[in-house]
1. Taking only pairs six or more apart or across chains, which ones have beta-carbon atoms under 7 Å, a first residue in the stretch 60-76 that is over 19 Å from Val33 (Cβ atoms), and a second residue that is assigned to a loop (DSSP other than H, G, I, E, B)?
2. Give the residue that is modelled with the highest pLDDT, with candidates limited to residues of the stretch 1-43 that are loosely packed, with under 10 Cβ neighbours inside 10 Å and β-branched (Val, Ile, Thr).
3. Does Ala46 qualify as being small (Gly, Ala, Ser), modelled with pLDDT under 80, open to solvent by less than 90 Å² (accessible area, probe 1.4 Å) and within 13 Å of the chain's Cα centre (by Cα)?
4. Determine which single condition Thr87 fails, assuming it passes every other condition in (1) within 23 Å of Glu39 (Cα to Cα); (2) surrounded by fewer than 18 Cβ atoms within 10 Å (Cβ to Cβ); (3) among the β-branched types (Val, Ile, Thr).
5. So which residues in the stretch 49-102 are of a type in the set (Gly, Ala, Ser) and either modelled with pLDDT of 85 or more or touching a helix residue (DSSP H, G or I) at 6+ places or on another chain (Cβ under 9 Å) (or both)?
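The values are calculated or read from the model by the stated rules, or taken from the named source; none is laboratory data. Note that the structure is predicted; figures quoted are calculated from it, not measured. Cβ placement follows ideal geometry from the backbone for every residue including glycine, while neighbour counts extend to all protein chains displayed. When the accessible area is computed, the model is the full protein with side chains, heavy atoms only, and any ligands, DNA or RNA have been set aside. Shrake-Rupley method; radii C 1.70, N 1.55, O 1.52, S 1.80 Å.
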Amino acid sequence: ELTSVSGVVPKEVVGAFFSACQGDNFDLANKEVNNVIAEGYPVSNAFTDDILDEQKARICKKLGEPNKCLVDGSDEYLQLFDVASSTMRAVCNVQEDFFQEC
């Protein structure tokens with residue numbers, strides 16, 4: 001029986017990632033980042049409907065930077081952790097005061 005579709009991140013993994021990003025525990029976020037990387041899930045296919053549209057917009061705006069960095073050969077772990085920390089700031093409504101490049 002086929003239980004997952006190739007290239008699709010399971011809802012449980014997406015849920016665990018975003019649950020970790022809803023708090024202020026970077027160690028938990030780091031654990032979930034490592035899980036996504038270790039399992040080989042495509043980072044570009046992970047999202048959830050449990051957050052507000054404004055928060056999704058902030059996250060999506062941030063996703064473009066790591067995506068370009070990945071295309072340029074950057075490390076997946078570092079880019080996913082950058083997305084996780086940006087997601088944490090968006091979910092917790094913390095302003096981003098600086099711009100980072102890879």
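1. Listed by first residue and then by second, the contacts come to Asp72/Cys102.
2. Val5
3. Numbers: small (Gly, Ala, Ser): yes; modelled with pLDDT under 80: yes; open to solvent by less than 90 Å² (accessible area, probe 1.4 Å): yes; within 13 Å of the chain's Cα centre (by Cα): yes.
Yes, satisfied.
4. So the condition that Thr87 fails would be (2).
5. Ala57, Gly73, Ser74, Ala84, Ser85, Ser86, Ala90 - these are the residues of the stretch 49-102 that are of a type in the set (Gly, Ala, Ser) and either modelled with pLDDT of 85 or more or touching a helix residue (DSSP H, G or I) at 6+ places or on another chain (Cβ under 9 Å) (or both).
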